[in-house]
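Right, one structure below, let's go through it.
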Number of protein chains: 2
Amino acid sequence: MNRRRAIALAGIGVVGAGAAASAAALLRDDHPATAGASGAVEFYGEQQAGIVTLAQDRLHFVAFDVVTKSRDRLVEMLREWTEAAARMAAGKDAGLIGAVDGIPEAPPDDTGEALGLPPSGLTLTIGFGPSLFRNADGVDRFGLAAQRPAALADLPRFPGDALDPKISGGDLCVQACANDPQVAVHAIRNLARIGFGTVSVRWSQLGFGRTSSTSTAQATPRNLFGFKDGTANLKAEEEGLLRDHLWVQPGDGPSWMEGGSYSVTRKIRMLVETWDRTPLAEQEAIVGRAKGSGAPLGGKDEFDEPDFAVKGEDGEPTIAEVAHVRLAHPDQNGGARLLRRGYNFVDGSDGLGRLNAGLFFIAYQRDPRKQFVPVQTALARNDVMNEYIRHVSSGLFACPPGVREKGDFWGRALFG
Amino acid sequence: MNRRRAIALAGIGVVGAGAAASAAALLRDDHPATAGASGAVEFYGEQQAGIVTLAQDRLHFVAFDVVTKSRDRLVEMLREWTEAAARMAAGKDAGLIGAVDGIPEAPPDDTGEALGLPPSGLTLTIGFGPSLFRNADGVDRFGLAAQRPAALADLPRFPGDALDPKISGGDLCVQACANDPQVAVHAIRNLARIGFGTVSVRWSQLGFGRTSSTSTAQATPRNLFGFKDGTANLKAEEEGLLRDHLWVQPGDGPSWMEGGSYSVTRKIRMLVETWDRTPLAEQEAIVGRAKGSGAPLGGKDEFDEPDFAVKGEDGEPTIAEVAHVRLAHPDQNGGARLLRRGYNFVDGSDGLGRLNAGLFFIAYQRDPRKQFVPVQTALARNDVMNEYIRHVSSGLFACPPGVREKGDFWGRALFG
């Protein structure tokens, strides 16, 4: 039985699927991690899926180096990737022949580990890194240098950065999000398989727990400091804010990015063992929120606006000048907002008796120069939380608009 | 709202929970990865949970070095661990005070990232490594050397082993399985927090997709070669086989292990990129099964017994002499059976353009000398699959019987 047949059979069990969906809906508020819808997210559209899409529970993110010198070969791969991505988002095999209906003498055109699994909300989102336009040696390998948006300016070095170049950057990235990690891993692996000889995996990151909501319908999850994270995130329902802060608008730069967005990724190691030995009151002072409710200090409810003016009996601000919530707040950063879409990670241990754990931060925005860069500059300079975190990898990518219909492909407007 | 209160509230939503359970049951056969029951698995019992327990979808496995010289301190930690493990398995905070009801001046006694999440089928299973009884320098640190079971003999070096000692061995291990990875990670982290100063994390491994079934009620999942794995696994329903092959029996060795079992872990890197370029027929010949159905070659159904005598038109055995299914079969290994409980992993990339992916193999058994060792010896010598895999880490642990009731603790019969 191949995956397509499994999907068809699943379609027959309408009652079962309905029960699952209603159970998922009932669970959603209290149970972000396993509510996972098993259905498909539409691949085609004005914008790429995987940005404002209801944040799925699992992530496999990969950055690729382009190893061919041929623009034609790169474009051909992007066409093949787009077709495979649309098929996998619909819960089908990556290739037309499949893993098990194949020609015995040829390698299967799907790797098979997702056979029988439903679409699981899979989204695949592509981005183009600065090095695709001009590499580290200044070479315009693919005749794209003139098309590089000014907003895709290399990020500055922030105070405290401890970046490992081997797990930073990349010519291309693909973000796979799904409610089943096997489906996300399968998708990335099949794109790497299709790209063999054209691209090579530069780095890759699994995330197991979403740390932001992208909709008012989702409960705010907790990061590995045990705090609710992303309460003030941009959300899918905020159309005006998304236009102003998320999507590239006409006149912002080269037209091929209109309707796209820029992503910044930061792998943030958290020194959880040190954090866990910090008193509760100190943890809350550093974050600026209560650990239980997520309410800003001095407030009652998670979604109360933080009041930065209020002072305690000691005359000091209730939310400290260096509290994370104050430093990151739009009011302190010229109104800058981000759509965050990060995930918790644990990558084994660090050889020093500690878990290698933290947050794989992903944020989408209209212009990193006006959004991520000023916010991160303020945080890197003053945030007391820096004692407990290390930024170890960084990525910046221009994510083009969506693929409108079958035949269109990722980056068509860029490659012309 | 703390976790306990969240659980209490969840209890009110009986209809919702019922719908979720029935949806999970309906999905189970076709959808092993997200069917995840959110309920609790009983912690107390004759045997430890997490061995024959219906295999959960996610794993966090950790090996610890004991860093104290004090037997009393080690025993005290095992008491604390046991109490915390029982609480967490029931969906409660690791400590009595919790993450958010705590004393402001003290660190929270729960790290908080599982607040609001249900028990998610969490099981915690402890094991004692050979080095706990006598360390690498031959020192009997805790007066346990005389209690070391003969069955806990160091594994031999197998042909092709490429073991990294930094991610092998360990004085203690804890296997956390759950249907929500955040719950499994939370449990390991809190045990590490409680053990601070007594134990230190030696290595740790996340797994995202179970690769074996432990019950006839579970569908057989697929490994990263795209094949169904563990079809012939020992299953919870096979009581006679479990007595003969899984649980340590009276007279097998020191009485403290009666009702326990031995685990062997092997981190097996799979060279998936090479595998993906191998023809379908060759993949199937190497495994000895059809990729789609999982049926043994020459058979029709996944659960057909392989017929090793049948030959093809060319006079060669339909299942090759060196096929994995033949070499691993009990008939070829003196009847040896294992209860496998492995998980797929992807640990980023390897710096050479490839995913660092594979299988974290876990097998439970009555005596590794008669089960894992002969089977692995045969595989290491002859299995053609060895071209596509590397064993990079190894662990061996004596997993004692269950904790019978509150007040009892992990390893009580060993430490007396």
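The values are calculated or read from the model by the stated rules, or taken from the named source; none is laboratory data. The structure presented is a predicted model; accordingly, all values stated were derived computationally and were not measured. Cβ placement follows ideal geometry from the backbone for every residue including glycine, while neighbour counts extend to all protein chains displayed. Accessible surface areas use protein heavy atoms only, side chains included; no ligands, DNA or RNA. Shrake-Rupley method; radii C 1.70, N 1.55, O 1.52, S 1.80 Å.
Name the residue from B:LEU191, B:GLN48, A:LEU124 whose Cα lies farthest towards the positive end of the charge dipole of the protein assembly as shown, charges +1 on Cβ of Lys and Arg and -1 on Cβ of Asp and Glu. Comparing the listed Cα positions along the dipole, B:LEU191 ranks first.
I'd like the Kirkwood hydrodynamic radius of the protein assembly as shown, using the inverse of the mean 1/r over distinct C-alpha pairs, in Å. Its Kirkwood hydrodynamic radius stands at 27.5 Å. Derived from the Cα gyration tensor, the three semi-axes of the equivalent ellipsoid of segment B:127-252 are 29, 22, 17 Å, largest first. Residue-wise HN-Hα couplings along segment B:51-58, as the Karplus relation 6.51 cos²θ - 1.76 cosθ + 1.60 with θ = phi - 60° gives them from phi, are 10, 8, 3, 2, 4, 6, 7, 10 Hz; Gly and Pro carry x.
Averaged over its residues, chain B has an accessible area of 37 Å² per residue, based on protein heavy atoms and a 1.4 Å probe. Of the trypsin sites (Lys or Arg not before Pro) in segment B:119-160, the ones in a loop by DSSP (not H, G, I, E or B) with at most 12 other beta carbons within 10 Å are B:ARG157.
For segment A:259-333, state which trypsin sites (Lys or Arg not before Pro) are in a DSSP loop and have at most 14 other beta carbons lying within 10 Å of their beta carbon. Answer by residue number: A:ARG277, A:LYS300. In nanometers and ordered shortest first, the copy-to-copy spacing of the B:THR274 label point, defined 7 Å from Cα toward Cβ, is 4.1.
Compute the separation of the alpha-carbon centres of segment A:116-136 and segment B:292-357 and state it in Å as a whole number. Their Cα centres are 34 Å away from one another.
Contact residues in segment B:341-374 (at least 40 Å² less accessible area with all protein chains than alone, 1.4 Å probe): B:VAL346, B:SER349, B:GLY353, B:LEU355. Taking the empirical scaling 2.2 N^0.38 Å for compact globular proteins as reference, segment B:61-119 has a Cα radius of gyration ratio of 1.29.
Could you tell me the calculated FRET efficiency between B:ALA217 and A:ARG404, based on Cβ-Cβ distance and R0 = 41 angstrom, to the nearest 0.05? Efficiency computed from Cβ-Cβ geometry: 0.35. Comparing Cα centroids, segment A:228-283 and segment B:205-254 end up 43 angstrom apart. Here the Karplus relation 6.51 cos²θ - 1.76 cosθ + 1.60, evaluated at θ = phi - 60°, turns the backbone of segment B:67-75 into coupling constants of 9, 8, 9, 8, 4, 4, 5, 4, 5 Hz, with x for every Gly and Pro. Each of A:GLY315, A:VAL100, A:TRP247 was scored by the projection of its Cα onto the charge dipole of chain A, and the greatest displacement toward the positive side belongs to A:VAL100; charges sit on the C-beta of Lys, Arg, Asp and Glu.
Based on the Kirkwood radius over alpha-carbon pairs, what value in µm²/s does the Stokes-Einstein equation return for the translational diffusion coefficient of segment A:269-416 at 10 °C and 1.306 mPa s? My calculation gives 89 µm²/s for D.
Using a 7 Å projection from Cα along Cα-to-Cβ, the label point at B:ASP244 is separated from the same position in the remaining copies by 7.3 nm, smallest value first.
Position A:ARG404: other-copy label points at 7.5 nm, ordered by increasing distance, label point 7 Å along Cα→C-beta.
Dimensions of segment A:183-315 from C-alpha coordinates, computed as largest minus smallest value along each principal axis and given longest first, are 64, 41, 26 Å. In a DSSP loop and with at most 13 other Cβ atoms within 10 Å, the GluC sites (Glu not before Pro) in segment A:45-146 are A:GLU46, A:GLU105. Computed over chain A, the range of Cα coordinates on each principal axis works out to 77, 57, 47 Å, biggest value leading.
For segment A:276-287, putting each phi into the Karplus relation 6.51 cos²θ - 1.76 cosθ + 1.60 with θ = phi - 60° gives couplings of 5, 9, 9, x, 3, 4, 6, 4, 5, 5, 5, 6 Hz, in residue order, rounded to whole numbers and with x for Gly and Pro. Taking every alpha-carbon pair under 8 Å whose residues sit at least 6 apart, segment A:237-375 reaches a relative contact order of 30 percent. Taking every C-alpha pair closer than 8 Å and separated by at least 6 residues, the mean separation divided by the residue count of chain B gives a relative contact order of 23 percent. Lysine pair count for chain B (Cα-Cα distance under 29 Å; residues 8 or more apart in sequence or on different chains): 20.
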